[in-house]
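Visitor: Please see the structure below; I have some questions.
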Amino acid sequence: MGKAALEYALAGKNAVMPIIVRESNSPYAWHVGEAKLSDVANVEKMMPAEYITEDGFGITDAAKEYFSPLIQGEDYPPYKNGLPQYARLKKVLVDKNLPAWSE
């Protein structure tokens, strides 16, 4: 999505954000689309009622079908001597490249 956002910016598009548009569930397929920020900024999207069981404590088969491709698989970090090895950032400061902001 970051690549798509950069491509939008380089193309001069503004006030839009890239979104994932699902094409099909089986096989799972998607493409990158765009949404106007005015349509999505500060807007809460609720889970559809048909995804929640009647008692409110579970999810329905429709929800499982929708979420399944999004949650499949595991991505464990590499381990060394029994401990996870996470990336360590160098935290190196760089010189500013942009001019000072003025109005």
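Visitor: Take the conditions of a type in the set (Val, Ile, Thr), under 23 Å from MET17 (Cα atoms), out of contact with any Pro (no Cβ under 8 Å at 6 or more places or on another chain) and surrounded by 10 or more Cβ atoms within 10 Å (Cβ to Cβ) and apply them to VAL32. Does it pass?
Guide: no
Visitor: Checking the condition β-branched (Val, Ile, Thr) and at pLDDT below 95, which residue from VAL21, VAL40 passes?
Guide: Result: VAL40 is the single residue among VAL21, VAL40 that is β-branched (Val, Ile, Thr) and at pLDDT below 95.
Visitor: Let me spell it out: the conditions are (1) among the β-branched types (Val, Ile, Thr); (2) loosely packed, with under 10 Cβ neighbours inside 10 Å; (3) touching a Lys or Arg at 6+ places or on another chain (Cβ under 9 Å), and ILE71 meets all of them except one. Which number is the exception?
Guide: (3)
Visitor: For the range 43-57, how many residues meet the condition of being under 18 Å from the mean Cα position of the chain (by Cα) and either loosely packed, with under 10 Cβ neighbours inside 10 Å or modelled with pLDDT of 95 or more (or both)?
Guide: Residues flagged as under 18 Å from the mean Cα position of the chain (by Cα) and either loosely packed, with under 10 Cβ neighbours inside 10 Å or modelled with pLDDT of 95 or more (or both) within the range 43-57 amount to 4.
The values are calculated or read from the model by the stated rules, or taken from the named source; none is laboratory data. Note that the structure is a prediction, hence the values are computed from the model and not measured. Please note: Cβ atoms are built from the backbone with ideal geometry, for glycine as well, and neighbour counts cover all protein chains shown.
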